[in-house]
Amino acid sequence: AGSIFKTAGVTNSNLAACGVGAIGLLATGATTWLLDRAGRRILLIISSAGMTLSLLAIAVIFFLKDNVPQDSDMYYILSMVSLFAIVAYVITFSFGMGAIPWVIMSEILPVSIKSLAGSFATLANWLTSFGITMTANLLLSWSAGGTFACYTLVSTFTLMFIILWVPETKGRTLEEIQWSFR
């Protein structure tokens, strides 16, 4: 996150990263309260849509910043809007995509494959996180706007997947959930 903040024009990127992390922690805490009140699916849709819009805003801002002088008011405004979009991304991630997939996974998988499928999902999560972490700085040096455009595309596919195939699991038995997949 530090290099993203520096690219956005923040002078103390470590402090900004800590602040955004604290905001994410608070949003995750709010999610535990909302989970059984609002439902899993709607929180995932809101979360993924918010993430997609935030990533799109960041991509557009980084493309625009390439054409704006660094000492202009517009550059400063774009930097502040990009920081707002990063905070919005963290909040919307924390409201759904950060925790709810793990909850849904525990609710939709039959007991016979739960441990194997859960292990595979955890492995896939960490391998993906590793890949993103290892390539982020390289991609950002190639094109900050292009990097976030790619992330926006992946987030858009995630949103479509949730809308089309993820069932609501709140208040349903395993049998009812399994029936919804037929």
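The values are calculated or read from the model by the stated rules, or taken from the named source; none is laboratory data. In this text the structure is predicted, and so the values were computed from the model without any measurement. We place every Cβ from the backbone using ideal geometry, glycine too, and count neighbours over all the protein chains shown.
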- Task: Mind telling me which of the residues S106, S48 ends up being assigned to a helix (DSSP H, G or I), polar (S, T, N, Q) and under 12 Å from the mean Cα position of the chain (by Cα)?
- Result: S48
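Conditions (1) touching a Cys at 6+ places or on another chain (Cβ under 7 Å); (2) within 24 Å of L174 (Cβ to Cβ); (3) crowded, with 18+ Cβ neighbours inside 10 Å, marked per residue:
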position: S13; (1), (2), (3): no, no, no
position: T32; (1), (2), (3): no, yes, no
position: D36; (1), (2), (3): no, yes, no
position: G50; (1), (2), (3): no, no, yes
position: I58; (1), (2), (3): no, no, yes
position: I61; (1), (2), (3): no, no, yes
position: N67; (1), (2), (3): no, no, no
position: L78; (1), (2), (3): no, no, yes
- Hey, does the stretch 54-66 have a residue that's in contact with a helix residue (DSSP H, G or I) (Cβ under 7 Å, 6 or more places away or on another chain), among the small types (G, A, S) and modelled with pLDDT under 90? no
- Query: Out of the stretch 151-182, which residues are assigned to a helix (DSSP H, G or I), surrounded by 13 or more Cβ atoms within 10 Å (Cβ to Cβ) and at pLDDT 90 or above?
  - Reply: Y151, T152, L153, V154, S155, T156, T158, L159, I162, I163
- D71 meets each of (1) surrounded by 19 or more Cβ atoms within 10 Å (Cβ to Cβ); (2) out of contact with any Gly (no Cβ under 8 Å at 6 or more places or on another chain); (3) not aliphatic (A, V, I, L, M) with one exception, condition (1)
- Task: Only residues that are assigned to a helix (DSSP H, G or I) and surrounded by 13 or more Cβ atoms within 10 Å (Cβ to Cβ): list them for the stretch 138-150, please.
- Result: L139, L140, A144, G145, G146, T147, F148, A149, C150
- Residues in the stretch 128-142 that are in contact (Cβ under 8 Å) with a residue 40 or more places away in the chain and either over 16 Å from V60 (Cα atoms) or polar (S, T, N, Q) (or both) total 2
